[in-house]
Structure formats: structure tokens, C-alpha cells
1. Only bridges with both residues in the chain count here: give the DSSP antiparallel percent, nearest 5.
2. Determine, from the Cβ-Cβ distance of ARG94 and ALA174 and an R0 of 45 Å, the FRET efficiency 1/(1 + (r/R0)^6), rounded to the nearest 0.05.
3. Rounded, prolate or oblate for the range 13-68? Axes are the square roots of the Cα gyration tensor eigenvalues, ordered a ≥ b ≥ c, and the cut-off for rounded is a/c under 1.5.
4. Need one number: nm distance between label points at HIS316 and ASP561, each 7 Å from Cα along Cα→Cβ, rounded to one decimal.
5. Normalising by the residue count of the chain, find the relative contact order in percent from Cα pairs under 8 Å and 6+ residues apart.
6. So how do 343-355, 233-245 stack up, highest first, on mean other-Cβ count within 10 Å?
7. Please give the net charge around TRP552, taking every other residue with its beta carbon less than 12 angstrom from that of TRP552, where Lys and Arg add +1 and Asp and Glu add -1.
8. With runs of 4+ DSSP H residues as the only contributors, calculate the mean residue ellipticity of the chain at 222 nm using -39,500 (n - 2.57) per run, divided by the residue total and rounded to the nearest 500.
Amino acid sequence: MPIRKRKFDSLIIGAGGGGLRAALQLSRADAQVAVVSKVFPTRSHTVAAQGGVNAALANVSEDNWHWHMFDTIKGSDYLGDQDAIEYMCRAASRIVYELEHTGVPFSRLDNGRIYQRAFGGQSKHFGGEQATRTCAAADRTGHAILHSLYQQNIRAKTHFFDEYFAIDLIKDDAGYVLGALVMEIETGEPMLIEAKTTLLATGGAGQLYRTTTNALINTGDGMAMALRAGVPLQDMEFFQFHPTGIAGKGMLITEGVRGEGGYLINRDGERFMERYAPHAKDLASRDVVSRAIYIEIREGRGCGPDRDHVLLKVDHLGPEVIKKRLPGIRDLCLTFLHSDPIEKPIPVYPTAHYTMGGIPTNRYAQVVTPARHGPEEVVPGLYAAGECACVSVHGANRLGGNSLLDILVFGRAAANHIIDYLNESRYHRGLPDAGVQQAMARLERWDKKGDGETVDSVRAELTRVMEQHCGVFREQTMLDEGVKKVQELASRMQEVRLTDHSRIFNTARVEALELENLMDIALATVCSASARTESRGAHSRVDYPDRDDEHWLKHSLYFNDCSLDYKPVRMKPLTVDSFPPKARVY
Ligand SMILES: Cc1cc2nc3c(=O)[nH]c(=O)nc-3n(C[C@H](O)[C@H](O)[C@H](O)COP(=O)(O)OP(=O)(O)OC[C@H]3O[C@@H](n4cnc5c(N)ncnc54)[C@H](O)[C@@H]3O)c2cc1C
């Protein structure tokens, strides 16, 4: 039977904040846009973002974009590309005002201006006093943004394919990406979407780890699709662990809690961050706070009968602040801990949170592949934005509040560039048979159930291996064993059996396809980590505790054949002087 086919100007895979920001702009420019999402758009992970989005609006205290730029570069441990960071920080205020006009109900100050809270790693005057830069809609900022963008897209007549799973990109011999093969999850029917441009906006891969703040759907599908299409993945060794997940469960307690004045204590009731970051204390960068918690616990100062977590104290803020500014956090504690933060501190432990690495792009969100030992080349027709991309504005460690900003700024940048591209490309090039058959083979492989181990059991083992071998602290033997274990698990994929859901067979196929994607991303992460023999940002090596700018001030690139290459960090901003690497203290 011939495969169903649809044609659009532009295909967007992913309906989170990144995909929807781009879609809105394209639809408003009268392009025919298809948005494919494996879940209903407003269930994308952006909906879970709590704390807020950074912009130097200076509504609460003095601020400017140049300080924001410095903080982002320092937070990235100097691995972020300074041109992209300047571009993002300069665009931030405009992006927030646009959101306000799109309908996002930001919290307000008494004078009516947008409320802003303090977040980690923010400073005034290039490393001076704490800044107050994160614009928030209580502690449900992502929810407000995603719903507003979705509603505006409906109004602009964006075409949505809800609950369709993208399987693979279709590329022709000349290297053009011409759309993708997708599957309608309800019926299992494949469909080809032909498009002049394809934007990957598929989010992160937090499901690599057992304890994570990420939704079940965050399986790095877009990154794996790019990898299979011959694009290397950049900086995959840098995975962020958020210091404050609910202990033993992983749900996120936003940094906004510390921004509002909450702080961490150990079993002696000591505010231990004063020792690790005397200046910024609890609002030091996330990598710094996560490591401090680990050390407190390792040295026996953890709380609870097993001394396996620390406490986040908030009761001193008073019921009024908690109810007004942190209502979602209070709900989370009441539901999952059966305790009220107004009365009792919250038990917390670091948890997997954010994929700093991803698909390499330039600041127009075009995907670039560095030809080995040659100049970078753009992949024609392919774009990436949001958490799946690595532009790179977060380098080795992302600052809180900068991801919502990243997805919106580069979702917009992608749309701007796509509009120009569409103006120049009047015709579709036609889908190549070979590419279509290859993608179909990936889907058909899961038509049978198999009789080996189940998808669920292999996925559970993978996340355990990643937690044990590629967590907050790393070391060579541990990483090398991790590489072997992931390779061994990947080889077992051949025999894997679909987890038995007799009545919902297509979702079982989706789970298998997701696991294949996760496996590729796990290998990229652990291989890149094993090769980098220094500590930088979130990549913390006990055997190489120092940052080594002489040898390692460079981005890693992981290719699908398990090999690695490197490319320089772009140290030159667009208009201002560059910030040379300095020791990073908070
Ligand atoms: C709990 C939590 C709280 C956070 N809080 C903040 C915060 O306060 N501030 C901040 O700046 N950042 C925060 N972050 C990070 C930020 O929310 C995310 O990085 C960002 O929202 C990612 O947006 P995105 O558009 O890239 O992808 P997502 O919102 O993750 O959306 C991905 C989309 O891709 C689709 N998709 C994926 N694979 C496929 C496939 N194979 N086929 C079809 N569709 C597919 C999904 O259906 C979904 O629509 C938080 C993250 C978490 C997990």
C-alpha cells in the first residue's frame, strides 16, 4: 500500500516552547506549517517549567543585558559561544514583552511591572551583587507560556498533527533534508511529511537517568534522528543535575525557592553553602550546589535516618510568600511528601535535569556539520532549536531561567531564517525512495513482538547504568565501564521484545523506538564524557579536578560511528569585547 503523503512549506517536529514560537511566526508570515508532536502540544515538557525566564528588564533592581551575558558565559564555564550568548541576552527583553502581548499572565509588582526573582548565577556589574532577572508567572511560568503560544497558533491556523511520532528525517543524495517519516500513534499508520524546511524542536533527553525532573517523553528523539542523518552531536558530556529534586522521587523544586530566600541545611542545621560559595551561597551555579550536596552527604552530614539527602528550608518565608509566589511547589510537597513547606523543610537531592549538548547549530538555528578537518557546512533545509539544539549558549553549565529564553530566542531566529529560505526555494525537491525505505525499515522492525527481554527492562537497566557511570562525579574507570555497559545493552536491542500491551500495541512500538533513540544518546554522552580529561561546569572528574583551558577549551563532536572530533569555542562576541576565561568562583 502506498504511504500517505502530505506537503507543507515547513515541518516542525516538537510542540514545546521552541517549536510553537517558531510555528507562530511562520504561520503569521503565511507559510504552510505542520507541527508534529508525540503528545498533545500543551503536554510538552515546557509546560513543567516553574521558575521563570531571564531578561534584564531591571524592574526590581538595576540590570542590563551585558551583565546577563557575562553571567551566562561564566556559568557556561567559558564553553558557551560568545556571539550566540550576546545575541540571546540582547534579545531577551523583547522576547519577554512579546510574550506579555501574546497573553502570558506574568506575576506583577505593586507598580504593575513584570515581577522578577533572583536566580542562581545572576550578578550586577560583572560578578558583583546578586541580580534579580527572572520573569515569572508565579511558579508556573512554562505552563503560562506554552498555553499562550498554543492558543495563538490555533488562531494563526498552524496545522497540528497531535500524537504523531516522528521516526526519521528524509535526506536526498545532495544532502538536503526534505521532511520526515512519522507514524500516527492511534492507528499505527505511517505518513510522509514533505517540506522545504524541517525544524527539530524535540526537547532534551532527561530520560537517560533513573531519577530525573524530565517527563517520560524526553527521550532525545530529535538528537538521535540528526545523528542518524549524519550530524554529530555537540558537547554531550555536559548534562545538568539540578540540586533540588524531591529526595528519592526526583520532581523538581525550582531554584526560585532559593531565589525567594529559601536555603539548604545539613543534619547539623548548618547553612553549608556558605562554605562552598561564600559570596553567592545558595544561589551559586547549579553544578556548584549539586556537588556541595553530594559532598555533604558523602561526609556523613546528610539528613534522615539514612543520611541520604539535605533539607531546603522555606518556613521562614512565611505563609503569604509561599502561597503567592510558590503555590505549585507547595502543591507538589503536599501531594508527594504529604507535608507542608510552610511548616516543614523539603528533603532534596540532586536529580537529572537538562541536556546542555545537542544538535550543533549557528545562531540562525541552521544545523551545521563540521566536515572533518574542513570548514563547517550548513545542512540545507535542516534547523534545530530549543533543548535538542546546541547553539551553544549554555556551554558546560546552563543558568536557571536561560532555557526558556533559549527556546524562544532561537525558535524565533529559526523562523526568521526559514522565511528567507522559503522565499528563495519555490519548489519541493521530491522525496528520494532510498531515504523513505530506510526510514520505513526502522518502523517495520517493530511490527513483530520478539521473544527476548522487554523494552521496559532494558530501559530500566540503561538508566541505572547512566546514573552509576555518568552522574555528578565521574572518573576514568567508571566511565570506561559505562561505555562498555551501554554498548553491551545496545547490542541486546536486536533481541528485545515489545513490552506486552496487548490492547495498545502502537504505544509499545513507540516505546521501542524511543529506547533505540535513548541508547544512541547514552552512548554519545558516556563516550564524550570518557574522553574529556578535565573538570568543567557539569562535567566533574575526580581524577582531573581542574579546568584545563590549554587542552580543552573546545566543543566535542560525537559521530554515529562512536568517534569524536573537536571544534573551537567562538570566543568573539558580535559587538562587545570578549570575556576571556577566568577562575570561576561564586
Ligand atoms: C521540571 C522542569 C522545570 C523547568 N523549569 C525551567 C525554568 O523555570 N526556566 C527555564 O528557563 N527552564 C526550565 N526548564 C527547562 C526548560 O523548560 C526546557 O529546556 C524547555 O522547555 C524545552 O523546550 P523545547 O521546546 O526544547 O522542548 P519540549 O518542551 O521538551 O518539547 C518537545 C516536543 O517535542 C515533541 N517530540 C519529541 N520527540 C518527538 C517525536 N519523536 N515525534 C514527535 N514529537 C516529538 C514532544 O511531543 C514535544 O512537543 C525546566 C525543565 C523541567 C524538566
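1. The answer is about 65 percent antiparallel.
2. 0.75
3. On the way: a/c = 3.99, a/b = 1.79, b/c = 2.23.
Since a/c reaches 1.5 but b/c is at least a/b, the shape of the range 13-68 is classed as oblate.
4. Modelled inter-label distance: 5.9 nm.
5. Over the chain, the number comes to 21 percent.
6. Working: 343-355: 23.0, 233-245: 27.7.
In descending order of packing, they fall as 233-245, 343-355.
7. Numbers: positive: ARG532, ARG536, ARG541, ARG547, LYS554; negative: ASP77, ASP235, GLU237, GLU534, ASP546, ASP548, ASP549, GLU550.
Net charge in that neighbourhood comes out at -3.
8. Calculated from helices alone, the mean residue ellipticity at 222 nm is -11000 deg cm²/dmol.
Readers should treat all values here as calculations from the given coordinates under stated rules, not as data from a laboratory. Everything numeric in this text was worked out from a predicted model, so none of it was measured. Cβ: placed from backbone, ideal geometry, glycine included. Neighbour counts: every protein chain shown.
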